[in-house]
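This report concerns only the one structure given below.
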């Protein structure tokens, strides 16, 4: 099956199914794609590059949190580098061939899983450091964190195998047919290749189209969310017992981290859950168009989180901000040396 049956819902006078236009969804994608995603790409690129640069040149990874933060920044950076190509693929035909198609969609999936699971690891590390303080010296070691990160990347790669396998570069068969005054006519324009799901039979299509988003929901959202809620709730309870100003600031930071995560990811994942559960139910063109438009907007809000991670996890730390200032001071010094005549 090269295309979704949902694209062909309305019937003409002869009882034949005509394709849905999705004009509202396309117009929203036309605005969201080029402009808002460009802002996300720039902010994500700058923020995550600064985090990686700081760890590479100024600050050694001395704790488990440092290792996790570095890996989150790498996952987010790879994600924002792939995002312009994903947006282009959704708006236009895909000109870059089969290998680039598989690498693009597969890397997107790997970075999504690894980034979200790393955030869960950061919350677990903070839980051990604050709630299980007596055991923290034994549990929180650099070697453990590096092994955990390596396992997460391998696991994310394994979970993304169906995406690598079933995404193909091809010319959809329904591209050859256009509708004109209720009748089919052959299209004479150049072939439009897409980078999209492609299956050999309908049974495989049904299984994968439900299994992949279900896995994304379970492992890429609900599992990290539950871990974060459990760990940060225990952290807040422990910090509340110590009545001092510094601990109260820490509680506020934890609350902001959790609320931002939920605000960014929960709406889109609820929409994805609804889409997955009702996948085999008939939806008319208007309902399908409304759902696509909503998911496009909510997905963009979820993408914003990769820009906010550096602010929430790295720049909020005093030592990290000091290293961050040093980067700009050194850049200014280099610039002055190049500009000042010898």
Pairs with Cβ under 6 Å, 6+ apart, first in segment 275-286 and on the phi > 0 side of the Ramachandran plot, second part of a loop (DSSP other than H, G, I, E, B) and surrounded by 12 or more Cβ atoms within 10 Å (Cβ to Cβ): none
Identity of the residue in segment 82-108, in a helix (DSSP H, G or I), over 15 Å from the mean Cα position of the chain (by Cα) and over 20 Å from residue 38 (Cβ atoms), that ends up modelled with the lowest pLDDT: 97
Sole exception among (1) within 30 Å of residue 279 (Cβ to Cβ); (2) modelled with pLDDT under 95 for residue 244, by number: (1)
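Every residue, every condition in (1) in contact with a helix residue (DSSP H, G or I) (Cβ under 8 Å, 6 or more places away or on another chain); (2) within 24 Å of residue 162 (Cβ to Cβ); (3) surrounded by 17 or more Cβ atoms within 10 Å (Cβ to Cβ), yes or no:
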{"residue": "215", "(1), (2), (3)": "yes, yes, no"}
{"residue": "252", "(1), (2), (3)": "no, no, no"}
{"residue": "262", "(1), (2), (3)": "yes, no, no"}
{"residue": "265", "(1), (2), (3)": "yes, yes, yes"}
{"residue": "270", "(1), (2), (3)": "no, yes, no"}
{"residue": "282", "(1), (2), (3)": "no, no, no"}
{"residue": "290", "(1), (2), (3)": "yes, no, no"}
Subset of segment 301-321 (residues that are modelled with pLDDT of 75 or more and farther than 18 Å from residue 64 by Cα): 301, 302, 303, 304, 305, 306, 307, 308, 311
Neighbours by Cβ (under 6 Å, 6+ apart or cross-chain): first from segment 161-178, at negative phi and in a helix (DSSP H, G or I); second surrounded by fewer than 17 Cβ atoms within 10 Å (Cβ to Cβ) and modelled with pLDDT of 85 or more: 162/208; 166/208
Criterion (in a helix (DSSP H, G or I) and modelled with pLDDT under 90) met by exactly one of 120, 129, 156: 129
Failed criterion for residue 37 (all others in (1) crowded, with 18+ Cβ neighbours inside 10 Å; (2) at pLDDT 90 or above; (3) farther than 25 Å from residue 150 by Cα hold): (2)
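The values are calculated or read from the model by the stated rules, or taken from the named source; none is laboratory data. None of these values were measured; they are calculated from a predicted model. For neighbour counting, all protein chains shown are included, and Cβ atoms are generated from backbone atoms with ideal geometry for every residue, glycine included.
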